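The structure appears right after this line, and notes come after that.
The values are calculated or read from the model by the stated rules, or taken from the named source; none is laboratory data. Just so you know, these numbers come straight off a predicted model, no measurement behind them. Quick reminder, even Gly has a Cβ in these numbers, built from the backbone with ideal geometry, and neighbours come from all protein chains shown.
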Amino acid sequence: MHRAFVGVLTAAAVTLAASAAPLPHLADKSPNAIPVDVELVLAVDVSYSMDPDEQALQREGYVQALSSREFLQALREGATGKVAVTYFEWAGPLDQKIIMPWRLIEGPESADAVAAELAAAPYRRASRTSISGGLIFAKSLFEHSGYRGLRRVIDVSGDGTNNAGALVVPTRDDVLASGITINGLPIMLKRPMRGSMDIEHLDVYYEDCVIGGPGAFVVPIHERKQFIEATRTKLVLEISGREPEPRVVPASSQAPRISCTIGEKMWQQRWGGYDFK
């Protein structure tokens with residue numbers, strides 16, 4: 001069903017996963033925390049499976065989206081007209097690096113400054129793919145963010161499955177229990193080759209194994225030309241808090257359509273070191 005609407009990348013092109021909103025345990029409760037509409041953590045894959053062109057497109061997608069007309073309009077329509085954003089890169093279980101600390105966006109000037117800061121940051125690559133490690137790190141960033149968001153969102157982008165560190169499903173569930181929503185941007189530019197660690201339906205893996213929380217969604221990318229539009233669509237939905245229609249897949253809490261330990265199994269088959277059923 002994805003293939004029919006993915007190229008459009010409108011509100012109908014994202015997938016919704018609904019669940020009851022839990023209590024926010026790790027929100028910044030300090031008296032000086034600044035109220036914002038959303039605290040948004042951008043968690044970006046820099047594992048070696050991401051080639052330099054993909055990295056550049058991924059970064060450029062965020063840079064352009066943050067200063068786009070659509071993003072600024074969504075910002076103005078929020079209850080406070082303010083959002084807080086931080087950006088970090090992840091690879092292996094212990095490899096997470098903050099590229100941009102928490103920044104406040106409250107209009108075109110601050111949006112342009114954030115976009116320029118991201119554009120100037122150097123690129124890097126690292127080994128392994130630990131979505132769980134990225135989620136654990138992202139969760140920790142909210143407690144002392146300096147902001148108090150009406151919503152808290154982790155935005156995970158990557159081109160592979162979890163193959164290192166903690167299992168992704170219990171990690172995801174722990175994050176959701178803290179009142180945080182997880183959205184996904186699965187990058188599916190490569191056709192899986194024999195012997196590679198790629199899978200054909202990475203979007204389904206993200207839907208069933210990675211995302212969750214109120215209004216959670218996935219925006220898959222199948223072609224390089226979709227990067228800018230896909231990233232802009234995703235950020236606008238996250239900032240506005242809209243829940244896209246129609247609902248095109250079951251919620252991620254239902255039985256997975258793909259094994260959530262497929263990445264670990266593939267790594268075991270190639271290198272050993274895991275024992276998963």
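Tell me whether segment 137-147 contains one or more residues that are out of contact with any strand residue (DSSP E or B) (no Cβ under 7 Å at 6 or more places or on another chain), at pLDDT 95 or above and either among the basic types (Lys, Arg) or under 16 Å from Arg232 (Cβ atoms) (or both). Checked segment 137-147: at least one residue is out of contact with any strand residue (DSSP E or B) (no Cβ under 7 Å at 6 or more places or on another chain), at pLDDT 95 or above and either among the basic types (Lys, Arg) or under 16 Å from Arg232 (Cβ atoms) (or both).
Counting only helices (runs of 4 or more DSSP H) that sit completely within segment 161-247, those holding 2 or more residues that are at pLDDT 85 or above, over 24 Å from Glu264 (Cα atoms) and touching a strand residue (DSSP E or B) at 6+ places or on another chain (Cβ under 6 Å) correspond to 227-240.
Table: residues versus (1) among the acidic types (Asp, Glu); (2) under 22 Å from Val236 (Cα atoms).
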position: Pro52; (1), (2): no, no
position: Ala56; (1), (2): no, yes
position: Arg59; (1), (2): no, yes
position: Leu75; (1), (2): no, yes
position: Gly81; (1), (2): no, yes
position: Glu89; (1), (2): yes, yes
position: Trp102; (1), (2): no, yes
position: Ala121; (1), (2): no, no
position: Arg124; (1), (2): no, no
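One residue stands out in segment 135-160 among those that are assigned to a loop (DSSP other than H, G, I, E, B) and not acidic (Asp, Glu): the one that is nearest to Lys97 (Cα to Cα), namely Leu141. In the set (1) free of Cβ contacts under 8 Å to residues at least 40 places away in the same chain; (2) within 20 Å of Glu238 (Cα to Cα); (3) surrounded by fewer than 16 Cβ atoms within 10 Å (Cβ to Cβ); (4) touching a Pro at 6+ places or on another chain (Cβ under 9 Å), the condition left unmet by Thr181 is number (3). Residues in segment 89-143 that are touching an Asp or Glu at 6+ places or on another chain (Cβ under 7 Å) and either aromatic (Phe, Trp, Tyr) or closer than 30 Å to Arg76 by Cα (or both): 5 in all.
Any chance segment 77-99 includes a residue that's crowded, with 17+ Cβ neighbours inside 10 Å and among the acidic types (Asp, Glu)? Yes, segment 77-99 contains a residue that is crowded, with 17+ Cβ neighbours inside 10 Å and among the acidic types (Asp, Glu).
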